[in-house]
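What follows is one structure encoded as structure tokens, with my remarks underneath.
The values are calculated or read from the model by the stated rules, or taken from the named source; none is laboratory data. Please read all numbers here as calculations on a predicted model, not as lab measurements. As a convention, Cβ positions derive from the backbone with ideal geometry for all residues, glycine included, and neighbour counts pool all protein chains shown. Note: areas computed on protein heavy atoms with side chains; ligands, DNA, RNA excluded. Shrake-Rupley method; radii C 1.70, N 1.55, O 1.52, S 1.80 Å.
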Amino acid sequence: MAASGTPPAPAASVPPGVQSGTDAVTLLQQTPWVLRHGIFHLRLQVSASDPNEQLRVTVYSHLVTRTDFDAALSGQFNGYPVYPLTLSLDSLPVDSSGGIDVDIPVNQAATSSEFPVFSATSGSEVFPVQIGLSRSDGTPQGQPITTYLVYTVPYSAAPYPKLSVSLTVPVHEPPQVNAKGQLGALPTDQSRALAGLVTVIGNFLDIPLSLAVTPQTLDALAAGSALDHSTLAALAQLIHAGHAQVLPAMYVSAPWRGWDSGLAGELQEQLTTGSSELAGVFGTAPSPTSWVVDGGVDASTLGTLVARGAKQLILPDSELSALPATARVNTFASPTPLVDAGGKTVVYGADPGLTADFSNPGGSVLAANQLLAELAMIQLEQPGHQRGVAVLPPPGWSADPIFVGTLLAGLDGHPLLSAVTPSGLFATVPVASVTRTLAPLQPSTSPATGSLSSPPTQATGSTTTATTIAPRYSATESSVLGANDVAEIQTDRQGLKDLQSILPQDNQLVAQLGRLLLTVESDDLAELPRQVLFSTVEAGTSQTGKLVSLPSKSSITLTSTRALIPLTILSTPRFHVRVELRLSSQRLIFHVFTPPEGKCRVPTLSTEVCDLTLTTQNTTLKVPVETRSSGVFPLDVSLWAPGGTQPLTGERDTVRSTAVSGVGVILIVVAIVSLALWWIRDLRHGRRARQLVPTTEDGLEDPGAADPPHGPGGQAGQEVPGDADVVVREFFSTPPPEFQDPPSRPHP
């Protein structure tokens, strides 16, 4: 035991280039392939808890199937060790960056006794390599990593075709919503990540690839810092020079299915605005022929894309129907006709195993090299056939500059792989004879009816690109919009249309609010910023009703049957507001007139519609009308956006008409005469009934003038109405009670 007060002996320090801490090995760099002979270089970062630990590098026998490849990723090796190497940490060379180097000679003389020669005498092959730490007694320490040594030999005789590889790289950052409901600049870390990504792409100008650029991200760069402006300019220069293919895209990142739930028009708005933004930044709009859909798609969306010109589609393979067993002996690496698109569109199913490699643990460099090795495995399945694959990152994957740089460096000059754009992929690889359809969807479990969401991918029947590998990736999206959100989007969209029709000369405000509304549909947004954006759009569209107004209710008196009714409209003079004036009254007859800065039409006699452009604060119109009758009746006056569905403002005025028309006078005279004749006839009839008029027997009446016993078709004792009766009954369809005949009394 040490004496009291004696300090403990210091722990032994780890060797140079090795960090003290948890046992771990990280791959910093490696040789992507070795052509016949060369050095397989590994640059590692090592962290060890014990300075006496050892580094173990084990190369296993070459892989035969992709099942073996996947098993090696999980640490299960079906082969046997062909190159076991154990190195003490203090013997490893340290490079200038602080890592340690392991250089394994392949088919060439060794330069150090510590690194014996690795012999590969067969053709091109892929060897799994496990790297980890162990104690001196061989006990493993920490979690080992698995990478791959890709060994190739030059093709003799006629060269075999390389595997065509279409790589899609997203250029995207989530939208930033500030407290005022406006889209703000990107945070510093996101700005730097995009700048690094564009720089990496610019370092490999000879590598064709496609860029899935989110147009809203371009808007954020344009409104950002000096670094953002530089990134945007560098990206535009790459596109102008033709070094990458820009894909058509929605304005924001959003699911590709579910738009038929009341938002079919929104998908069109997303695509049109996205195309316009990309054309504004890059000079030309992306070709509508080739589309890469990094997620699920339904028949409705597919129909929209085909209608916009889509002829070549890349989808996650799990979104397509299963291939026949004969087509799955090896990795299926060909396009097929897509039956759902009427046979006019061909589709590539993006390999799910390759997509999963983006998310492999162990760091970006390791994941990229694992992806390169798996691509080489696919090529070696059928080296004599022209084949190709589409490589898609998982939905929502943020492009890592280190991963992308490592991948592009490995593709540059690769003896087995050839990078192509999506259009180049379809042009290079022949279409297979089998056909595919969209995979059937299971019912969505989302509680939000009508929401913009993606139902889960089917659990059974999923398509893999080889019979031996299990699907490690499925393209599913979470629910984005609920039923209330859908209804609010519909209302705000109509408000924007009204605003655009009212202010046709002020497109900037409409465009700004329109992009905020499209951003609402982004799957990057949490609920709080989404509601903040909703409030901003609603506040903007509600301004339409404040641009125009009508004075308070008024009472209008008409003293003539024909008159000019004065109407005043108030507006903001600095906006040349366009409105639709609608007038309606059942007691008025409207006549067409031509107001200043407008025109009118009369759909019916009782209505009139005028299209007006208001250039002054007070616009007074004199509307010619004709009254149908005198009295008090309403006049409805309302202002609408041209083609709108809801009035901007309206009122009901009161009209008092004291005028009597000529027809009215004639009718009154006829009524008076008819009434007089009625009473005269009634008096005569009443006197005769009461025997106040002498009969023929009394000698008071001329016998020759006696009435006939009955009229035509009548009965004895009935009266025959005269001409005055016809007029009255024509005027009054049902005579009032006071005008009806009293009941006849029987003669005694």
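Remark: pairs (first residue in region 551-577, under 17 Å from T658 (Cα atoms); second residue open to solvent by 80 Å² or more (accessible area, probe 1.4 Å); Cβ separation under 6 Å; 6+ apart in sequence or on different chains) = T557/R656; T559/T658; L564/K622.
For every residue, the table says whether it meets (1) more than 26 Å from the chain's Cα centre (by Cα); (2) loosely packed, with under 15 Cβ neighbours inside 10 Å; (3) part of a helix (DSSP H, G or I).
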{"position": "F204", "(1), (2), (3)": "yes, no, no"}
{"position": "P208", "(1), (2), (3)": "yes, no, no"}
{"position": "L221", "(1), (2), (3)": "no, no, yes"}
{"position": "L227", "(1), (2), (3)": "yes, no, yes"}
{"position": "V252", "(1), (2), (3)": "no, no, no"}
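Of V246, V281, all but one fail to be more than 26 Å from V339 (Cα to Cα), touching a strand residue (DSSP E or B) at 6+ places or on another chain (Cβ under 7 Å), open to solvent by 10 Å² or more (accessible area, probe 1.4 Å) and of a type outside the set (D, E); the exception is V246. Only one of the numbered conditions (1) surrounded by fewer than 18 Cβ atoms within 10 Å (Cβ to Cβ); (2) assigned to a loop (DSSP other than H, G, I, E, B) is not met by R192, and that is (2). Just a yes or no: is a residue in region 550-565 under 22 Å from G643 (Cβ atoms) and buried (at least 18 other Cβ atoms within 10 Å of the Cβ)? Looking through region 550-565, at least one residue is under 22 Å from G643 (Cβ atoms) and buried (at least 18 other Cβ atoms within 10 Å of the Cβ). Among the conditions (1) touching a helix residue (DSSP H, G or I) at 6+ places or on another chain (Cβ under 7 Å); (2) in contact (Cβ under 8 Å) with a residue 40 or more places away in the chain; (3) crowded, with 20+ Cβ neighbours inside 10 Å; (4) in a loop (DSSP other than H, G, I, E, B), the only one that G262 does not satisfy is (3). Step by step: first the residues of region 338-362, then only those that are of a type in the set (D, E) and in a helix (DSSP H, G or I), then the one that is nearest to Q29 (Cα to Cα). Which residue is that? Here the answer is D357. Restricting the first member to region 27-43 and to residues that are more than 14 Å from G405 (Cα to Cα), and the second to residues that are assigned to a strand (DSSP E or B) and open to solvent by 50 Å² or more (accessible area, probe 1.4 Å), the beta-carbon pairs closer than 6 Å and six or more apart or on different chains are I39/D103; H41/D103; R43/L28; R43/Q29. Kindly check whether there is at least one residue in region 49-59 that is touching a strand residue (DSSP E or B) at 6+ places or on another chain (Cβ under 7 Å) and part of a loop (DSSP other than H, G, I, E, B). Checked region 49-59: at least one residue is touching a strand residue (DSSP E or B) at 6+ places or on another chain (Cβ under 7 Å) and part of a loop (DSSP other than H, G, I, E, B). Scanning region 87-126 for residues that are more than 21 Å from Q45 (Cα to Cα), open to solvent by 10 Å² or more (accessible area, probe 1.4 Å) and outside any loop (DSSP other than H, G, I, E, B) returns a single hit, E125. In region 171-198, the residues that are touching a residue at least 60 places away in the same chain (Cβ under 8 Å) and within 20 Å of L392 (Cα to Cα) form Cβ pairs under 6 Å with partners that are buried (at least 17 other Cβ atoms within 10 Å of the Cβ) and hydrophobic (A, V, I, L, M, F, W, C), at six or more places apart or across chains, as follows: V171/L211; V171/V213; E173/L186; L197/A399. One residue alone among N369, N330, N360 is closer than 26 Å to G99 by Cα, surrounded by fewer than 20 Cβ atoms within 10 Å (Cβ to Cβ) and touching a residue at least 40 places away in the same chain (Cβ under 8 Å), and that residue is N360.
Of the residues E608, E626, E597, the single one that is touching a residue at least 24 places away in the same chain (Cβ under 8 Å) and under 42 Å from the mean Cα position of the chain (by Cα) is E608.
Taking region 131-183, which residues are assigned to a loop (DSSP other than H, G, I, E, B) and among the aromatic types (F, W, Y)? Listed by number, the residues that qualify are Y155, Y160.
Screening region 229-249 for residues that are touching a residue at least 40 places away in the same chain (Cβ under 8 Å) and assigned to a loop (DSSP other than H, G, I, E, B) and picking the one that is farthest from A526 (Cα to Cα) gives H243. Checked against (1) closer than 19 Å to L612 by Cβ; (2) surrounded by 21 or more Cβ atoms within 10 Å (Cβ to Cβ); (3) modelled with pLDDT under 90, G540 meets all criteria but (1).
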